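Undergrad: Got a structure here, written out as structure tokens. Questions coming.
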Amino acid sequence: MSSTTDATTNQKAIWDHALDLMPGGVSHPNRRKAGDAIYINRAEGSRMWDVEGNEYIDYSMGSASLLLGHAHPDVVKAIIEQAPLGTYTASCHPLEVEWAELVKELVPSAEQVRFVGTGSEATALAARVARAYTGKTKIIRFQGHYNGWSDVTITGSEFPYDEAPGAGVVPGAAEAIVVLPTDPERVEETLKTNDDIAGIMVEASGANWGSIPMPENFLQNLRDLADKYEVVLIFDEVITGFRWSPGGVQGLTGIVPDLSSMAKIVTGGNPGGALGGKSEIMEVLNPRTTTHADRKVVHKGTFNAAPIVAAPAVATLKIVKTGEPHKHANAMAEKMREGIRTILEEHQVAGAAYGESSTYQIHFGKTPSRDSVEGLSPEELRGVPSSTVLGFQQALLDRGVNNMSHFGGMLSSAHTDEDVEQTLKAIEGAIEELMAEGSIGRA
């Protein structure tokens with residue numbers, strides 16, 4: 001790179017340098033863009049700014065980890081106050097107890113809590129705990145559901161569902177997973193005929209944070225089947241936790257799993273996560289007891305419940321507990337969905353705008369109505385060419401909008417009516433651009 005200025009303010013120069021330093025120039029595949037990457041150096045509320053001064057309305061919200069928006073004053077204050085006291089000591093500390101108490105208070109299944117390093121670690125640990133508690137091996141998972149990138153959870157997240165979606169996965173790992181469609185009859189048939197099922201793991205929103213909705217009553221069906229066949233029901237609430245309600249999907253529906261995997265909002269948008277569950281099951285993690293001694297789970301992690309994470313987590317959950325952020329974010333999301341439906345109808349574009357809680361999803365293609373994708377398969381919903389997905393995302397970036405992934409996004413308590421109105425204009429422009437290119441068609 002030619003100069004200090006280029007190194008910090010020229011995105012093309014930074015991108016070229018990144019390509020030399022990191023595989024593909026990125027630290028996460030979702031940060032791949034149709035063009036060069038954008039480099040953010042500041043974010044506040046609903047907005048973020050890149051190193052060249054371009055402003056974006058953000059609907060990624062830290063990959064769904066920020067219900068309160070970027071740099072919420074209480075969260076920032078908690079970090080600033082904790083940092084000079086020590087970021088990490090590898091010791092027990094009062095904040096982790098306060099944090100666990102808030103999680104237990106909010107999440108119905110979380111009688112006890114174990115903090116972890118990431119969401120993927122939380123789901124992998126949930127599978128291990130279920131296997132240890134039951135003495136059985138296999139976990140039922142569902143087609144298209146993303147439960148983290150570990151060897152024991154990745155198979156089934158992408159089509160073809162009976163194969164790992166990439167190289168390097170231990171061949172035997174897939175043998176511990178049974179991947180099924182979201183069909184309760186298929187689940188019961190498997191439980192009847194396979195006596196080695198330890199648990200059922202489900203993305204509580206439906207696959208890919210709700211872009212592939214589940215059949216009505218499916219979560220209750222799973223609760224009933226788990227009870228009937230005495231297996232552990234695991235909700236992956238990494239995204240839905242503390243967003244669908246202060247207590248996640250289980251707090252909203254009253255359908256309580258045996259174990260819950262959490263990350264993102266549970267840490268206040270900082271690195272980390274948690275596993276919560278019934279005390280009897282979580283006992284396999286207890287290093288101080290002889291109960292289940294023959295099934296004791298080994299779980300360690302250098303940065304579990306680090307004080308510099310616990311402090312903003314506690315600050316965040318105290319606000320989440322009020323339920324007020326959800327009311328506002330949900331209202332903004334509904335306004336967004338309604339506005340997108342209007343755009344699709346006015347331009348006679350085949351598609352729908354849908355979603356739950358503070359999310360919006362768009363599907364371009366044949367749908368039963370403007371607000372539903374009922375009856376469409378995972379392959380139809382997620383099978384849009386990547387060129388169209390990246391083209392849409394780039395068209396939004398060009399218009400000052402950053403979405404979450406695919407064709408959807410997340411709202412927060414920081415988003416405003418003005419944000420939504422400005423975003424709807426950007427979405428309309430992006431749709432017109434893709435229609436002109438022939439990437440999306442009319443109804």
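Undergrad: Among the residues of the stretch 233-274, write down those that are β-branched (Val, Ile, Thr) and in contact with a Leu (Cβ under 6 Å, 6 or more places away or on another chain). If you could, list the steps in order and put the result at the bottom.
TA: We begin by selecting, within the stretch 233-274, every residue β-branched (Val, Ile, Thr); these are 234, 238-240, 249, 253, 255-256, 265-267.
Across the stretch 233-274, the qualifying residues are 234, 255, 265.
Undergrad: Moving to a separate point now. Considering every residue within the stretch 75-95, establish whether at least one is at pLDDT 95 or above, among the small types (Gly, Ala, Ser) and in contact with a Leu (Cβ under 8 Å, 6 or more places away or on another chain).
TA: No: zero hits.
Undergrad: Would you be able to say whether some residue in the stretch 92-101 is touching a residue at least 12 places away in the same chain (Cβ under 8 Å), assigned to a helix (DSSP H, G or I) and among the aromatic types (Phe, Trp, Tyr)?
TA: Here is the first cut: in the stretch 92-101, the residues touching a residue at least 12 places away in the same chain (Cβ under 8 Å) are 93, 95-96, 98-100.
Next, only the ones that are assigned to a helix (DSSP H, G or I) stay: 95-96, 98-100.
Imposing the further condition that a residue be among the aromatic types (Phe, Trp, Tyr) reduces the set to 99.
Within the stretch 92-101, one or more residues are touching a residue at least 12 places away in the same chain (Cβ under 8 Å), assigned to a helix (DSSP H, G or I) and among the aromatic types (Phe, Trp, Tyr).
Undergrad: So for the stretch 372-394 (the condition being among the β-branched types (Val, Ile, Thr), modelled with pLDDT of 95 or more and not in a loop (DSSP other than H, G, I, E, B)), does at least one residue qualify?
TA: No, the conditions are met nowhere in the stretch 372-394.
Undergrad: Any idea which of 300, 327 is surrounded by fewer than 18 Cβ atoms within 10 Å (Cβ to Cβ), without any contact (Cβ under 8 Å) to a residue 24 or more places away in the chain and not assigned by TED's automatic domain parsing to the domain that holds residue 232? Give the derivation first.
TA: Values: 300 fails: not assigned by TED's automatic domain parsing to the domain that holds residue 232.
Only one candidate passes the filter, namely 327.
Undergrad: Looking at the stretch 271-286, can you tell me whether even one residue there is over 21 Å from residue 201 (Cα atoms), assigned by TED's automatic domain parsing to the domain that holds residue 223, surrounded by fewer than 19 Cβ atoms within 10 Å (Cβ to Cβ) and modelled with pLDDT under 95?
TA: Of all residues in the stretch 271-286, those over 21 Å from residue 201 (Cα atoms) come to 271, 286.
This time we only want the ones that are assigned by TED's automatic domain parsing to the domain that holds residue 223, so: 271, 286.
From the residues that got through so far, the ones that are surrounded by fewer than 19 Cβ atoms within 10 Å (Cβ to Cβ) too are 271, 286.
Now narrow it down to the ones that are modelled with pLDDT under 95: 286.
Yes, because at least one residue in the stretch 271-286 is over 21 Å from residue 201 (Cα atoms), assigned by TED's automatic domain parsing to the domain that holds residue 223, surrounded by fewer than 19 Cβ atoms within 10 Å (Cβ to Cβ) and modelled with pLDDT under 95.
Undergrad: When you go through 371, 398 one by one, which is the residue that is in contact with a strand residue (DSSP E or B) (Cβ under 7 Å, 6 or more places away or on another chain) and over 12 Å from residue 336 (Cβ atoms)?
TA: Numbers: 398 fails: in contact with a strand residue (DSSP E or B) (Cβ under 7 Å, 6 or more places away or on another chain).
Of 371, 398, the one residue that is in contact with a strand residue (DSSP E or B) (Cβ under 7 Å, 6 or more places away or on another chain) and over 12 Å from residue 336 (Cβ atoms) is 371.
Undergrad: Something else: Just one of 256, 232, 238 is crowded, with 24+ Cβ neighbours inside 10 Å, more than 17 Å from the chain's Cα centre (by Cα) and in contact (Cβ under 8 Å) with a residue 60 or more places away in the chain; which is it? Full working, then the answer.
TA: Working: 256 fails: crowded, with 24+ Cβ neighbours inside 10 Å; 238 fails: more than 17 Å from the chain's Cα centre (by Cα).
Only one candidate passes the filter, namely 232.
Undergrad: Still on this model: Out of the residues in the stretch 330-368 meeting the condition of being in a helix (DSSP H, G or I) and of a type in the set (Asp, Glu), tell me which one is surrounded by the fewest Cβ atoms within 10 Å (Cβ to Cβ).
TA: Residues of the stretch 330-368 that are in a helix (DSSP H, G or I), as a first pass: 330-346.
The next check asks that each one be of a type in the set (Asp, Glu); those that pass are 334, 338, 345-346.
Numbers: 334: 16, 338: 15, 345: 12, 346: 9.
By that ranking, first place goes to 346.
Undergrad: Moving on to the next point. Anything in the stretch 413-425 that is part of a helix (DSSP H, G or I) and buried (at least 19 other Cβ atoms within 10 Å of the Cβ)? List them, or say none.
TA: Result: 419, 420, 423.
Undergrad: Which of the residues belonging to the stretch 274-316 are touching an Asp or Glu at 6+ places or on another chain (Cβ under 6 Å), outside any loop (DSSP other than H, G, I, E, B) and under 18 Å from residue 82 (Cβ atoms)?
TA: Within the stretch 274-316, 310, 314, 315 qualify.
The values are calculated or read from the model by the stated rules, or taken from the named source; none is laboratory data. For clarity, every value in this text was computed on a predicted model and none was experimentally measured. No Cβ is skipped: glycine too gets one built from the backbone with ideal geometry, and neighbour counts run over all protein chains shown.
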